[in-house]
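What follows is a short report on a single structure.
The values are calculated or read from the model by the stated rules, or taken from the named source; none is laboratory data. If you're wondering where the values come from, they're calculated on a predicted model, not measured in any experiment. Neighbour counts run over all protein chains shown; Cβ positions are idealised from the backbone, glycine included.
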Amino acid sequence: MNQKKYVHRIFEFLDQYHCIDVRAREKQTSSPIPFATQIHLLNENKLNQLKRRGFSNELGKSLMDKIEIHSNEILSTKPTLIFDDSPEIIAKAIWQHFRPKTNLYIYSGGLKSLLEETNQIFKKPYKFFTLYGETGVGKTDLLKLLTSKGQQTLNLEEIANHNGSTFGNLQNNTQPSQETFTIKLAETLARFSVDKPVFAESEKIGLGKNMIPLLLSEALDASKKIRISLSKEERIERLVKEYANVNDLKLKEGIEKLKFRIGQHEANEILKLLEKKAYHEVARHLIEYFDRSESYQSIDGNEFEFTTDNSSPRDCVNQILKNLA
């Protein structure tokens, strides 16, 4: 039986391991490792006690009893890879308990090393194609259609659980921690081929509280770009369908935040329209603001492979794939 103890890379070998997370419960809660099964053994207080006292006491015995109780979750037909924080006390206890009859390994360096490994994934030469277009043209829906057609898509908004704008979280969704967001991005990309297109949507570097890692942001900036167009009236209809009667209070808060950019008078006018539930006029005012803002004007400064209209999303996707064939 191979008694190699540590594994230093995981993203490119995810399907080969049964991954478990045995970190203190608080760490599991604050920054889950997306692809690892959590096994709750100790909280931070108990773990600190174990570090001070060692295993030759009741707490150490209790931990070993729990490890045995959870053996069905720890062991698998695949080799088990254990994630723990340095100095990996729990992981080493599990490894020692089950060796040499089973294939268990410890991921070296814990969460810190895992985050460092994400950079190796973000540096890979993926063939990114990024969808650009003004607010309301339907870029996210196109990504979903591309996914349904078997294409490789990196849906940043889905992973961040945020739509990426001032009004990107009207549903009050819980966002992942930055660590979990970064790991999930790398996990998604690691499953993709570098020989096939990877479609993404143009985003600002921040999606709510989550920041796109710099290396990935740079790769997307350097990608080939596709411009998506749609008439203003159709964009308004899309925004109304997406935002109307979802959460007017959050919508109001978003408009309030824009006052210093949009102008207090215009913002107040939009708020009055919102109170009347005149959603089409609210959407019209907001689209006019976004279209004249600097970040959206900068769209015109890009070189695009081609431009395609999204009046019919299915036709738009077919046109994209035809142009890349």
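Figure legend. Inter-residue proximity from region 5-32: first residues at pLDDT below 95, second residues part of a strand (DSSP E or B), beta-carbon distance below 7 Å, spacing 6+ or different chains. Indicated pairs: K5/Y105; K5/I106. Going by the conditions given, is A190 among the small types (G, A, S), under 14 Å from the mean Cα position of the chain (by Cα) and under 28 Å from H285 (Cα atoms)? No: the conditions fail for A190. Any residue that is small (G, A, S) and farther than 17 Å from N119 by Cα - is there at least one of those in region 215-224? Yes, there is a match, as at least one residue in region 215-224 is small (G, A, S) and farther than 17 Å from N119 by Cα.
Scanning region 79-110 for residues that are out of contact with any Asp or Glu (no Cβ under 9 Å at 6 or more places or on another chain) and of a type in the set (V, I, T) gives T80, I89, T102. Residues in region 81-94 that are outside any strand (DSSP E or B) and crowded, with 17+ Cβ neighbours inside 10 Å: D84, D85, E88, I89, I90, A91, A93, I94. Against the criterion of being in a strand (DSSP E or B) and in the same structural domain as Q319 (by TED's automatic domain parsing), V246 does not qualify. Restricting K232, K225 to those that are closer than 30 Å to Q151 by Cα and out of contact with any strand residue (DSSP E or B) (no Cβ under 7 Å at 6 or more places or on another chain) reduces the list to K232.
As a summary of the residue check, Y296 satisfies the conditions (1) at pLDDT 85 or above; (2) surrounded by fewer than 18 Cβ atoms within 10 Å (Cβ to Cβ); (3) under 26 Å from L143 (Cα atoms) except for the one numbered (1). Identification of strands (runs of 3 or more DSSP E) wholly contained in region 95-203 with 3 or more residues that are outside the structural domain of K257 (by TED's automatic domain parsing) and buried (at least 20 other Cβ atoms within 10 Å of the Cβ) yields 104-107. Among what's in region 24-39 and is among the charged types (D, E, K, R) and surrounded by fewer than 19 Cβ atoms within 10 Å (Cβ to Cβ), pick the residue that is nearest to Q178 (Cα to Cα). Among them, the one singled out is E26.
Residue by residue, here is whether (1) buried (at least 21 other Cβ atoms within 10 Å of the Cβ); (2) touching a Phe, Trp or Tyr at 6+ places or on another chain (Cβ under 8 Å); (3) in contact (Cβ under 8 Å) with a residue 24 or more places away in the chain holds:
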site	(1), (2), (3)
K51	no, no, yes
E58	no, no, no
K66	no, no, yes
I69	no, no, no
P79	no, yes, yes
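One residue stands out in region 204-232 among those that are of a type in the set (A, V, I, L, M) and in a strand (DSSP E or B): the one that is surrounded by the fewest Cβ atoms within 10 Å (Cβ to Cβ), namely M211.
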